[in-house]
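Read through the structure below, which is laid out as structure tokens, and then see the notes.
The values are calculated or read from the model by the stated rules, or taken from the named source; none is laboratory data. Everything numeric here is computed off the predicted structure, so don't read it as measured data. A quick note on method: Cβ atoms are made from the backbone with ideal geometry, for glycine too, and the neighbour counts reach across all protein chains shown.
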Amino acid sequence: MKTYRIAVIPGDGIGNEVTPAAIRVLDAAASRFEARFAWESFPWGSAYYFEHGRMMPPDALDRLRPFDAIFFGAVGDPRVEDNVTLNGLLLPIRRGFDQYACVRPAVLYPGVRAPLAGRKPGDIDFVVVRENTEGEYAQIGGALHSGGLHEVAVQSAIFTRHGTERVIRFAFDLVRQRNRKRLLTSVTKSNAQGFSMGFWDRVFSEVSREYPEIRTESLLVDAACMDLVRRPQDFDVIVASNLFGDILTDLSAAITGSLGLAPSGNLNPARTSPSMFEPVHGSAPDIAGRGIANPMAAMLAGAMMLDFLGEGAAAKLMESAVLRVLADQRDLTPDLGGTGTTESVSAAVLAVISSGR
């Protein structure tokens, strides 16, 4: 039986509720295909910060490096500034393990009511590929005269040819793999950011010549946001910088019904370090501890992890089990209009997996 070593970081808020639920489903799905997980949990996050003054220990990356993958819950606490939690935990992992391709699917599933009029299940099915290690989230900058009348803050966005080219090429390859609309959309703001985004546009054009069978379009980010609402059915794969990819994926989760259904994979495509899989909904402190958090995004992120590890059949079983519960509509959490709980949804998905149907 194949065993995968997985580092688990439940993190904050509902991360501590949806992560255990997803792990139970992952164990059940993997066991049907003679695979198993060896889980090791790390109590890093805001609670760790309150005790130690940092989000994770100095040797955290060294401790995570030997694992086959990282399964992450959520990060964030109202008592801690978001830039502290993000830059103290998630971003060092993404950069340290060169997880340069953040892959976030956006699908309108059966049983889910879209907030967009006239959209039915299957109409929306695209993927956003977000550059994950540089761009606007590079921690390069500083402050001068902090707190004074003449305070100055500088934040630099960094775009390298290496980083830009590889994520664009990854997105083109994903279009080939999906084999759907054969369309790649690049999103920038080059009319206002002529140096960095103009550079991105030029690299996109150059790489596109290697993929003559794939159609391309380039949109400004404001137009892309409008078009995701106006014509979401037209998109296939979208590639964008760190900041714009972040914004577009929150919007794509909204138009497909719920953040509780949005998974993501922070991928190191070269597999030189572990990749990390997580739901995108955040720690949701307003509902944490109430037992009503939707675990489906974490489960779908788990299915992405299974697929990345080479367990495609188990991944398909896990995803199909989640979709059957969604379509059945008897066990849905409040974000989807139901009265279910984290536990009842988990039990329903486990029952489908156990039935083997």
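For the stretch 1-38, filtered to residues that are under 21 Å from LEU64 (Cβ atoms) and surrounded by fewer than 16 Cβ atoms within 10 Å (Cβ to Cβ), the residue that is nearest to the chain's Cα centre (by Cα) is ARG5. Looking at the structure I just gave you, is VAL128 on the phi < 0 side of the Ramachandran plot and under 19 Å from the mean Cα position of the chain (by Cα)? Criteria met by VAL128. Here the stretch 82-103 is the region considered, the condition is being in contact with a Ser or Thr (Cβ under 7 Å, 6 or more places away or on another chain) and of a type in the set (S, T, N, Q), and the residue that is modelled with the lowest pLDDT is THR85. Right, ALA106: in a strand (DSSP E or B), touching a Leu at 6+ places or on another chain (Cβ under 9 Å) and at pLDDT below 95 or not? The answer is no for ALA106.
Give the residue that is surrounded by the fewest Cβ atoms within 10 Å (Cβ to Cβ), with candidates limited to residues of the stretch 191-222 that are among the hydrophobic types (A, V, I, L, M, F, W, C) and under 24 Å from ASP250 (Cβ atoms).
Here the answer is ALA192.
When each of GLY45, GLY76, GLY122 is tested for being at positive phi, buried (at least 20 other Cβ atoms within 10 Å of the Cβ) and modelled with pLDDT under 95, the lone residue that passes is GLY76. Pairs under 7 Å by beta carbon, first residue free of Cβ contacts under 8 Å to residues at least 60 places away in the same chain and more than 11 Å from PHE42 (Cα to Cα) in the stretch 1-20, partner assigned to a strand (DSSP E or B) and of a type in the set (Lys, Arg), six or more apart or different chains? Hits for this filter: MET1/ARG36; THR3/ARG36.
Being hydrophobic (A, V, I, L, M, F, W, C) and closer than 27 Å to PHE71 by Cα: is that true of ALA262 here? Step through it out loud before you land on a result.
Values: hydrophobic (A, V, I, L, M, F, W, C): yes; closer than 27 Å to PHE71 by Cα: yes.
The answer is yes for ALA262.
Listed here are the helices (runs of 4 or more DSSP H) enclosed by the stretch 253-357 that have at least 1 residues being closer than 26 Å to GLU81 by Cβ and touching a Leu at 6+ places or on another chain (Cβ under 6 Å): 296-308.
Yes/no per residue for (1) at pLDDT below 95; (2) small (Gly, Ala, Ser):
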| residue | (1), (2) |
| --- | --- |
| ILE140 | yes, no |
| HIS145 | yes, no |
| GLY163 | no, yes |
| ARG166 | no, no |
| ALA171 | no, yes |
| LEU174 | no, no |
| ARG182 | no, no |
| THR185 | no, no |
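Consider THR185 carefully, then state whether it is within 22 Å of the chain's Cα centre (by Cα) and over 18 Å from PRO105 (Cβ atoms). Judged against the criteria, THR185 is not a match. Condition check: surrounded by fewer than 18 Cβ atoms within 10 Å (Cβ to Cβ), without any contact (Cβ under 8 Å) to a residue 12 or more places away in the chain, polar (S, T, N, Q) and not assigned by TED's automatic domain parsing to the domain that holds ASP12. Does SER146 satisfy that? Yes, satisfied.
Taking GLN139 as the residue in question, decide whether it is assigned by TED's automatic domain parsing to the domain that holds LEU251, over 23 Å from GLY198 (Cβ atoms), part of a helix (DSSP H, G or I) and not β-branched (Val, Ile, Thr). Here the answer is no, as GLN139 does not meet what is asked. Here ASP27, ASP82, ASP59 are screened, and the one residue that is assigned by TED's automatic domain parsing to the domain that holds MET276, within 25 Å of THR341 (Cα to Cα) and without any contact (Cβ under 8 Å) to a residue 40 or more places away in the chain is ASP27.
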